[in-house]
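Notes for the one structure printed next.
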Amino acid sequence: MEKYGNLTDTEILPLLRAADRDVFHIVYNRYRNKVYSVALNVLRDELDAEEVMQEVMLKLWLSVGTLKDDSNLEAYLKTLTRNLSYNVLRRQALVAKTAISRGLNWKDYHNETEEQIILSETKRVLQDAIERLPPQQKVVYQLCQQDGLKYEEAAKQLNLSAHTVQGYMKLALRSVRTYVSVHTDVAVVLVIFGLLKK
């Protein structure tokens with residue numbers, strides 16, 4: 001492999017397209033840390049970043065025949081890494097959404113799965129945000145967002161106008177979103193923001 005070590009990407013690409021394993025190892029060693037860094041920057045998790053790096057390299061090996069001799073290898077790998085990293089975030093968000101929906105239906109989990117961890121974190125952050133609301137906003141939030149009452153129904157219970165209830169609800173949602181965005185990670189933020197549409 002030493003004979004390939006000083007080759008540029010442009011010189012390596014034709015050999016890589018020929019599925020030369022020695023050349024692939026050169027590319028792997030040359031770019032694994034860069035790919036890992038890009039993934040880590042998106043995912044903020046070392047294990048997830050390592051898995052993405054391995055997946056990127058596998059996809060590179062499986063698709064070497066489709067690369068053109070004038071391809072920008074580094075740009076290709078960075079784009080692939082970002083795309084796969086965002087796929088991971090979307091999968092995590094889906095897991096979180098499933099966990100949240102089950103949690104809101106009061107279904108218990110008995111195993112410490114990834115869903116359980118995300119559910120616990122999400123419920124904790126949401127509850128903290130709700131507890132920090134001013135009293136009137138908190139009551140309106142609980143009636144409309146958690147109990148599912150319409151503004152008119154909540155207004156009747158609180159002896160307020162529907163317009164006033166709607167105003168309190170908007171303020172409450174804004175406060176909760178702000179708190180959540182500061183105190184939790186991106187996957188859970190995406191899910192919670194989806195749940196906080198009113």
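The values are calculated or read from the model by the stated rules, or taken from the named source; none is laboratory data. Values in this document were obtained by computation on a predicted structure and should not be read as measured data. Neighbour counts are summed over all protein chains in view; Cβ atoms, including those assigned to glycine, are modelled from backbone coordinates with ideal geometry.
A compact table of results
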item: Any hit, the range 20-32, residues being touching a residue at least 60 places away in the same chain (Cβ under 8 Å) and surrounded by 13 or more Cβ atoms within 10 Å (Cβ to Cβ); result: no
item: Check on I12, touching a residue at least 40 places away in the same chain (Cβ under 8 Å), buried (at least 17 other Cβ atoms within 10 Å of the Cβ) and over 30 Å from the mean Cα position of the chain (by Cα); result: yes
item: Answer from D48, D70 - the residue that is within 22 Å of the chain's Cα centre (by Cα) and touching a residue at least 40 places away in the same chain (Cβ under 8 Å); result: D48
item: So A154, is it outside any loop (DSSP other than H, G, I, E, B), buried (at least 18 other Cβ atoms within 10 Å of the Cβ), among the small types (G, A, S) and modelled with pLDDT of 85 or more; result: yes
item: Odd one out for D108, checked against (1) modelled with pLDDT under 85; (2) surrounded by 12 or more Cβ atoms within 10 Å (Cβ to Cβ); (3) farther than 30 Å from M53 by Cα; (4) among the acidic types (D, E); result: (2)
item: Helices (runs of 4 or more DSSP H) within the range 1-75 that include 2 or more residues of a type in the set (S, T, N, Q); result: 21-43
item: Inter-residue pairs, beta-carbon under 6 Å, first surrounded by 15 or more Cβ atoms within 10 Å (Cβ to Cβ) and at pLDDT 90 or above and in the range 161-177, second part of a helix (DSSP H, G or I) and small (G, A, S), 6+ apart; result: V165/A154; V165/A155
item: Subset of the range 33-65 [more than 23 Å from Y86 (Cβ to Cβ) and surrounded by 15 or more Cβ atoms within 10 Å (Cβ to Cβ)]; result: V64
